[in-house]
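Reviewing the structure listed below.
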Amino acid sequence: METVRFEETINGRNYVIEVSAVDRDRWRAQILRRPGASTALMPFYGATALEAAAMLSRWLTRAASGNA
């Protein structure tokens with residue numbers, strides 16, 4: 001399974017978005033889990049790795065501004 005990582009800075013916080021292929025035209029993006037940290041954020045899906053990462057990045061931007 002192919003995995004791609006994107007680094008984003010949103011509202012002063014650094015995020016690593018990990019995107020994994022789950023099917024030929026389906027990718028799942030989620031925040032990379034760091035040792036000792038947990039995340040309850042749902043994954044975001046897209047037709048490409050970039051699309052899935054962009055959807056998660058937009059959601060994080062809205063959440064940081066209080067508009068999620």
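The values are calculated or read from the model by the stated rules, or taken from the named source; none is laboratory data. What you see is a predicted model; the values in this text were computed from it and never measured. Here the Cβ is made from the backbone with ideal geometry for all residues, glycine too, and neighbour counts use every protein chain on show.
Points worth noting:
- All positions within segment 42-59 that are modelled with pLDDT under 90 and either surrounded by 14 or more Cβ atoms within 10 Å (Cβ to Cβ) or of a type in the set (Phe, Trp, Tyr) (or both): Pro43
- Residue within segment 7-14 that is of a type in the set (Gly, Ala, Ser), touching a helix residue (DSSP H, G or I) at 6+ places or on another chain (Cβ under 9 Å) and closer than 20 Å to Ala63 by Cβ present: yes
- Those residues of segment 1-55 which are aliphatic (A, V, I, L, M), part of a strand (DSSP E or B) and free of Cβ contacts under 8 Å to residues at least 24 places away in the same chain, in sequence order: Val16, Val22
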